[in-house]
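The values are calculated or read from the model by the stated rules, or taken from the named source; none is laboratory data. The structure presented is a predicted model; accordingly, all values stated were derived computationally and were not measured. We place every Cβ from the backbone using ideal geometry, glycine too, and count neighbours over all the protein chains shown.
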């Protein structure tokens, strides 16, 4: 795949039927003299997974906070189903059907599953001073919602701390869906998980898409994004570097755009130089260099564009 051009947005990346559930146009965010985001445009459609990729410092966290109502953009528009809105905070974002699952998951490890599922929004029965938690209803709802995500909970009273990382993600996703999320923003849900648990979380993302939700999947890993994503937005240093539909790229092309073909090739050559001498510091470094050399794009022939 060729290098990213100055106008990298693919028209196909924005060709979807109907108005997007969520859209931002030319959004910018400044912190003093620092441009955290500049000219970011993004669309998320119902029944699709929109992947936002970038390394540390790319601006992903700032974008998440704008989409979830924590920050207000200094420039640009925020639209929900084609209507301009101004989100005063996360509570208003949730009222608009935007739910964000942050990396810390907002769970209490020593609290039971059903209490974590509701967290202050528990069903009750009775009125006035006789109002009580409806524990039976809460447990039933929690089990039914998790079962939709493929998790059969045997004991609703077990602590969340006993779950695996993938199961905690499923709990957080199911909770957001139950409380009316139409747009589900997932902040690096696979970053701290192993291969198997990451695969489980990706399955839950696909299930949320099949429920008709618009999923925004924030990640730095193209190998996690590509299998489930429908469109991909690549950020670098607060700017939008590329926007492509899945039909217009491959996993190799996505990786190349993220890493930067020329930068990847240069890094490979530097590592190969470090490992070429008799006093090479570490055989594992040589393996990394070989891997980078395989991933780096071939140099263009003379006269090639």
Does any residue in region 59-85 that is over 13 Å from residue 39 (Cβ atoms) and not assigned by TED's automatic domain parsing to the domain that holds residue 102 come within less than 7 Å, Cβ to Cβ, of a residue that is modelled with pLDDT of 95 or more and crowded, with 18+ Cβ neighbours inside 10 Å six or more places away or on a different chain, and which pairs are these? none
Out of the residues in region 62-86 that are over 17 Å from residue 20 (Cα atoms) and touching a helix residue (DSSP H, G or I) at 6+ places or on another chain (Cβ under 8 Å), state the one that is surrounded by the fewest Cβ atoms within 10 Å (Cβ to Cβ). 72
Considering residues of region 126-140 that are in a helix (DSSP H, G or I) and in contact (Cβ under 8 Å) with a residue 12 or more places away in the chain only, the residue farthest from residue 115 (Cα to Cα): 137
Checking residue 181 against (1) modelled with pLDDT under 90; (2) assigned to a loop (DSSP other than H, G, I, E, B); (3) surrounded by 20 or more Cβ atoms within 10 Å (Cβ to Cβ), which test does it fail? (1)
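Looking at region 24-35, can you tell me whether even one residue there is touching a helix residue (DSSP H, G or I) at 6+ places or on another chain (Cβ under 6 Å) and modelled with pLDDT of 95 or more?
So far as region 24-35 goes, yes, one or more of its residues are touching a helix residue (DSSP H, G or I) at 6+ places or on another chain (Cβ under 6 Å) and modelled with pLDDT of 95 or more.
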